[in-house]
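A.B. asks: Mind looking over this structure? Questions follow.
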Amino acid sequence: MPRFTLPDGSIKEIASPATVAAIAAAIGAGLARAALAGRVDGRLVDLDTPLETDAAVEIVTPSTPDGLEILRHSTSHLMAHAVKELYPAAQVTIGPAVADGFYYDFDYERPFTPEDLTAIEARMEAIVQRDLPVERRLMERQEAIDWFTAQGEHYKAEIIRDIPSDQALSLYRQGEFMDLCRGPHVPSTGRLKAFKLTRVAGAYWRGDSKNKMLQRIYGTAFADKKALAAHLTLLEEAAKRDHRRLGKELDLFSIQDDAGGGLVLWHPMGARMRQTIEDYWKQTHREAGYEFLFTPHMANLDLWRTSGHLDFYRESMFNPMTVDEQSYQIRPMNCPFHILVFRSRIRSHRDLPMRWAELGTVYRYEMSGVLHGLFRVRGFTQDDAHIFCRESQIEAEISAILDLTLQTLRTFGFEKFEINLSTRPGKSVGSDAIWDKATTALRNAIVGHGLDYAEDVGGGAFYGPKIDVKITDAIGRKWQCSTIQLDFNLPERFDIGYIGEDGGRHRPIMIHRALMGSLERFFGILIEHYAGHFPLWIAPVQAVVLTITEAHNDWAVEVAKRWRAAGLRVETDLRNHKVSYKIREHAMRKIPWLLIVGEREQAEGAVSPRDRHGKDLGLIPVDDMLQRLLLEAANRT
RNA sequence: GCCGACGUAGCUCAAUUGGCAGAGCAACGGAUUUGUAAUCCGUAGGUUCGGGGUUCGAUUCCCCGCGUCGGCUCCA
């Protein structure tokens, strides 16, 4: 009898022919009911896969990431099944599970409408009710091509032709519907209990804009209705936090046709916040031993020819303009300028490392269709810096950059990080020795910080390895902002050097790094992360003093004056309105503190603070409250 | 750029089959002097995204542009 080792180390012996389903049943009835598939010696298989030899077996249920993915993949098949029943002329193409759901691409004579989605969803429910078994079978290559061609499914036939001929082809059948698929799948359609179709979109066949546009239907699926509802609630929460909406409501910024798409106008309240962020950035960089540069927004096109951007970055650059019969290029990056500063005089090894930072505004051409609020723009400011150092200094520099990165991100309330190390790709510049040395230095710096990381082998840029840091926001979404990139290319192209201890000329290592990435995008992420409820130190207006009646105006003005002198951003609201009216208004502006002043406060030199959650702190002496807020702002909490 | 949806007052949204373009909030004026999320009355506000067409008549139907939004990498 074959012996099956379970994840907890225990062993089950099941008479042959055993299946994953039988093993699950032997463990318990509950698990048998929940089982969707199995992981056998690391490979995902269907529940009814026969197991004839000893193996490590794990039962896959919807509560695991694997299980959820299978569930979603099966739901995409369910959708394709429903589409074929309703619209037989539609051709199926591919339909994978994706990050938080699934999609399926169809070739159909017309786009699907929202009404179609409702109909498809209803038909999906009906197929679930039929509880059709989902059966796997293998098919010969030519037989499969013939079968799909006979069905009018030309995309499937094309897919099969592209599959290496030594690979077995598997098909999955549920009722009348059969689809080419690697699997595994849930055992029957009745197992799909909670799904929703979310949107339709165009998508190119194989993602290539030269190919035909297909109709993509997106949906999502979960183990049960409750989990689905929770996900839909999360989407609503994300919509409420949308920085485009909050940016308008809080009057932080705008993007207007009259200026152009992807070009951001920072309004006074948003500009205040940006200034606070920049002040913090300057302070930390000064402390970390950086110098600051200011460089031009455009340069002679030859500079971009030398840097190589004209070759490999052209499609992201705006067209050059002509000035005095010379071509000038608006900058998509800051690095060539920093190189020019380095090259402006002879550098000694004693000068290294040189850490030069610039809040550099760059302009990049993005296709009109991809512009998106502050997240995808055509003009933005990078918190850029370039470090020129000796090979032996790489590790210490990377380590210091990681310190600064984590410190910065934590200050803005991000606690969870995901680190990626990307190594040498096939086509690249630089010697094996330098790549090895640099990659090891990066790895050591990460490990030295006690951080977990994933290695993206071959995922680096052609000119050097890099570290990316992803953050997780308040509602669990991940964003990549920080990037630390080594560059063996630009120093070479600009032929920069320093004089070493040996009196000879040496090539410095160049490190590009950005912590927040684009200030615009980072600001958008902050808006969504905090849902507009910014911590005191960033809030554009930190407190509003509001009066009960005109009789208290003098005291309100006095309070505001003192607090402003102490460095806080304070407004007064002396309007002849009821307090409740004023409170509502400033609460909607998400002002952290409202200071109510009336008869008692005026008489006692006090204020009655109300926090953003509506909590009334009662009468507090004005200077006590001031100290409290100054502390809160200084702590950046 | 491509596919789809959408574009009405500063904002959020109405307007029946093609028949005088409206409401709430905001703004402005006045009254109200008010104690923890909306006081009352009044006034003004429009090239219905732009251009063309069909029609007696177009916010509505058609065509062309512009813009916004959702997508366009995640392998059968």
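The values are calculated or read from the model by the stated rules, or taken from the named source; none is laboratory data. As the structure is a computational prediction, the values presented were derived from the model and not from experiment. All Cβ positions, glycine included, derive from the backbone under ideal geometry; neighbour counts span all protein chains shown. Quick note on the areas: whole protein, heavy atoms, side chains included, nothing else; ligands and nucleic acids left out. Shrake-Rupley method; radii C 1.70, N 1.55, O 1.52, S 1.80 Å.
A.B. asks: Across region A:366-424, what is the total count of residues that are touching a residue at least 60 places away in the same chain (Cβ under 8 Å), within 16 Å of RNA strand B (Cβ to nearest atom) and assigned to a helix (DSSP H, G or I)?
C.D. replies: 1
A.B. asks: Could you tell me which residue of region A:157-175 is nearest to RNA strand B (Cβ to nearest atom), considering only residues that are touching a residue at least 12 places away in the same chain (Cβ under 8 Å) and of a type outside the set (A, V, I, L, M)?
C.D. replies: Filtering first and then ranking leaves A:SER170.
A.B. asks: Based on what the data block shows, is A:SER76 within 12 Å of RNA strand B (Cβ to nearest atom), among the hydroxyl-bearing types (Ser, Thr, Tyr) and touching a residue at least 24 places away in the same chain (Cβ under 8 Å)?
C.D. replies: yes
A.B. asks: Those residues that are part of a strand (DSSP E or B) and either more than 7 Å from RNA strand B (Cβ to nearest atom) or not assigned by TED's automatic domain parsing to the domain that holds A:ARG110 (or both), I need them from region A:206-217; list them, please.
C.D. replies: If the condition is that a residue be part of a strand (DSSP E or B) and either more than 7 Å from RNA strand B (Cβ to nearest atom) or not assigned by TED's automatic domain parsing to the domain that holds A:ARG110 (or both), then A:LEU214, A:ILE217 are the ones that fit.
A.B. asks: Looking at A:ALA89, A:ALA119 in this structure, which one is open to solvent by 20 Å² or more (accessible area, probe 1.4 Å), over 25 Å from A:LYS226 (Cβ atoms) and not in a loop (DSSP other than H, G, I, E, B)?
C.D. replies: One residue alone meets the criteria, A:ALA119.
A.B. asks: Scanning region A:589-637 for residues that are more than 28 Å from A:ASP251 (Cβ to Cβ), more than 8 Å from RNA strand B (Cβ to nearest atom) and in contact with a strand residue (DSSP E or B) (Cβ under 8 Å, 6 or more places away or on another chain), which turns out most open to solvent (accessible area, probe 1.4 Å)?
C.D. replies: A:GLU604
A.B. asks: Please find, among A:ALA157, A:ALA194, A:ALA144, the residue that is more than 28 Å from A:PHE112 (Cα to Cα) and surrounded by 14 or more Cβ atoms within 10 Å (Cβ to Cβ).
C.D. replies: A:ALA144
A.B. asks: Let me ask something additional. Mind checking which residues of region A:446-472 are under 26 Å from A:HIS231 (Cβ atoms) and open to solvent by 10 Å² or more (accessible area, probe 1.4 Å)?
C.D. replies: A:ALA454, A:LYS470, A:THR472
A.B. asks: What number goes with the only condition from (1) of a type in the set (Gly, Ala, Ser); (2) away from RNA strand B (no atom under 13 Å from the Cβ); (3) farther than 30 Å from A:GLY262 by Cβ that A:ALA539 does not pass?
C.D. replies: The number of the failed condition is (3).
A.B. asks: With A:ARG521, A:ARG443, A:ARG507, A:ARG493 as the choices, which residue is closer than 22 Å to A:TRP304 by Cβ, open to solvent by 40 Å² or more (accessible area, probe 1.4 Å) and touching a Phe, Trp or Tyr at 6+ places or on another chain (Cβ under 9 Å)?
C.D. replies: Being closer than 22 Å to A:TRP304 by Cβ, open to solvent by 40 Å² or more (accessible area, probe 1.4 Å) and touching a Phe, Trp or Tyr at 6+ places or on another chain (Cβ under 9 Å) holds for just one of A:ARG521, A:ARG443, A:ARG507, A:ARG493, which is A:ARG507.
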